[in-house]
Amino acid sequence: MFEQLQATLIVPLIYEDKLTGLISLGEKKSGKFYRREDINLLNTLANQGAVAIENARMIEEVIEKERMEEELSIARDLQTSMLPAECPIIKGFEIAAYSLSAMEVGGDFYDFIEMGKDGVGMVIGDVTGKSVSGALVMSASRSIFRMLSEEQMSVDEIMIRANRRTKKDIKTGMFVALLYAVLNAEDKTLSLCSAGQTQPIYWSSETGETRLVETKGDTFPLGILEDVGYEETQLQLLPGDKVVLYTDGIVEAMNDKEEMFGFERLIEVVQEARSMTADSLLKEIIDKVNVFAGGAAQHDDLTIIVLGVEE
């Protein structure tokens, strides 16, 4: 090393027993050897230099942390502003919704789109990106469905067009797992189309059975492929029926044994709570998930929409 640096003397810069740098010195102009006084002075300068370097690094870390916190604050405010202030009121139906981020800024979102006095569009999705980029994709997805819902198109056609728009608008590597549903209160039908979102749960008051709704067609998340064959699935609702839309954070919630809550437990909760209101069923699901998870840290967001038909 001495030869490579053409050094006569090397003084280490040490901060809290950690090497942070080196002072490399050539020969003195006088040609004499470095004396003990010279070395002591250089060690003092090296110690001060090590402290200065460490302080500079800490300042950079603080600045970076403040920048990230500001970015998270912007993303959090943007995400919060997109969530509906309240659930729509549709005669003959009950709607309840809930969303909780596992971190400061999550990837889940939901939205309600008014479609006349007898209809409402419901969107529940999960964006791959977090922070500002994820929040911007949420905002774009929300705007796309709000715009397309104004046109007289079927649910699957809206999903197909939304996918093409999303593929063009977001950067490669990002996508949106989303379910779009339209409730027609007049004929009591719920039309569904899924783009990689979890299967809804349906409790039938007529049969007393609870089941997963298998949506038709392709289920690729939005933004991956340009041409996807989404298809509409329709449920004929009866008084007392319940439909639960949710993101994967519900079924993938883990306890301290790393066991997942799972679909079976969720179906069981819906089955046992069949006589509850939409709001009560929503709270029951959240309570059951929280009790199951205990104090274990969660790594995914929890988002649910519960639709109930009044009896």
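The values are calculated or read from the model by the stated rules, or taken from the named source; none is laboratory data. Predicted model only: the values in this text are computed from it and were never measured. Neighbour counts are summed over all protein chains in view; Cβ atoms, including those assigned to glycine, are modelled from backbone coordinates with ideal geometry.
Would you be able to say whether some residue in region 248-270 is among the β-branched types (Val, Ile, Thr), within 22 Å of Leu178 (Cα to Cα) and within 20 Å of the chain's Cα centre (by Cα)? Within region 248-270 (the criterion being among the β-branched types (Val, Ile, Thr), within 22 Å of Leu178 (Cα to Cα) and within 20 Å of the chain's Cα centre (by Cα)), the answer is yes, since at least one residue qualifies.
The single residue among Met147, Met82 that is at pLDDT 70 or above, touching a helix residue (DSSP H, G or I) at 6+ places or on another chain (Cβ under 6 Å) and surrounded by fewer than 18 Cβ atoms within 10 Å (Cβ to Cβ) turns out to be Met82.
Tally the residues that are loosely packed, with under 15 Cβ neighbours inside 10 Å and part of a helix (DSSP H, G or I), restricting the search to region 153-168. If you could, list the steps in order and put the result at the bottom.
Taking region 153-168 as the starting set, the residues that turn out to be loosely packed, with under 15 Cβ neighbours inside 10 Å are 153-154, 168.
In the following step, the residues that additionally are part of a helix (DSSP H, G or I) were identified as 168.
Residues that pass the stated criteria total 1.
Look at region 222-260 and say how many of its residues are of a type outside the set (Val, Ile, Thr), touching an Asp or Glu at 6+ places or on another chain (Cβ under 7 Å) and within 22 Å of Leu282 (Cα to Cα).
Kept after step one, since they are of a type outside the set (Val, Ile, Thr), are these residues of region 222-260: 222-223, 225-227, 229-232, 234-242, 245-246, 248-249, 252-260.
Remaining after also requiring touching an Asp or Glu at 6+ places or on another chain (Cβ under 7 Å): 229-232, 238-240, 248-249, 252, 260.
Keeping just the survivors that are within 22 Å of Leu282 (Cα to Cα) gives 238-240, 248-249, 252, 260.
Residues meeting the conditions: 7.
Which residue is surrounded by the most Cβ atoms within 10 Å (Cβ to Cβ), if the candidates are limited to region 30-50 and must be assigned to a loop (DSSP other than H, G, I, E, B) and at pLDDT 75 or above? Here the answer is Tyr34. Could you check, for region 180-194, whether at least one of its residues is of a type outside the set (Phe, Trp, Tyr), closer than 30 Å to Gly262 by Cα and modelled with pLDDT under 95? No; the residues of region 180-194 include none that is of a type outside the set (Phe, Trp, Tyr), closer than 30 Å to Gly262 by Cα and modelled with pLDDT under 95.
Of the helices (runs of 4 or more DSSP H) that lie entirely inside region 240-311, those containing 3 or more residues that are modelled with pLDDT of 95 or more and surrounded by 15 or more Cβ atoms within 10 Å (Cβ to Cβ) span 262-272, 278-293. Residue count for region 195-211 satisfying the condition of being in contact with a helix residue (DSSP H, G or I) (Cβ under 9 Å, 6 or more places away or on another chain) and under 14 Å from Pro239 (Cβ atoms): 2.
Whenever a residue of region 282-293 is over 17 Å from Thr247 (Cβ atoms) and assigned by TED's automatic domain parsing to the domain that holds Lys242, its partners that are buried (at least 16 other Cβ atoms within 10 Å of the Cβ) and among the small types (Gly, Ala, Ser), lying with C-beta atoms within less than 7 angstrom and at least six residues away or across chains, give the pairs Glu284/Ala273. Across region 109-120, which residue is nearest to the chain's Cα centre (by Cα) among those that are at pLDDT 90 or above and within 17 Å of Ser99 (Cβ to Cβ)? Looking at residues that are at pLDDT 90 or above and within 17 Å of Ser99 (Cβ to Cβ), I get Tyr110.
Inspect region 196-208 for any residue being in a strand (DSSP E or B) and either modelled with pLDDT under 95 or over 21 Å from Glu94 (Cα atoms) (or both) and give the result as yes or no. Quick ask: steps written out before the conclusion?
The first filter runs over region 196-208 and keeps only residues in a strand (DSSP E or B), leaving 196, 201-203.
Narrowing the set further to residues that are either modelled with pLDDT under 95 or over 21 Å from Glu94 (Cα atoms) (or both) leaves 196.
Yes, because at least one residue in region 196-208 is in a strand (DSSP E or B) and either modelled with pLDDT under 95 or over 21 Å from Glu94 (Cα atoms) (or both).
For Val228, state whether it is in a strand (DSSP E or B), of a type in the set (A, V, I, L, M, F, W, C) and either within 20 Å of Ile267 (Cβ to Cβ) or assigned by TED's automatic domain parsing to the domain that holds Ile95 (or both).
Values: in a strand (DSSP E or B): no; of a type in the set (A, V, I, L, M, F, W, C): yes; either within 20 Å of Ile267 (Cβ to Cβ) or assigned by TED's automatic domain parsing to the domain that holds Ile95 (or both): yes.
No.
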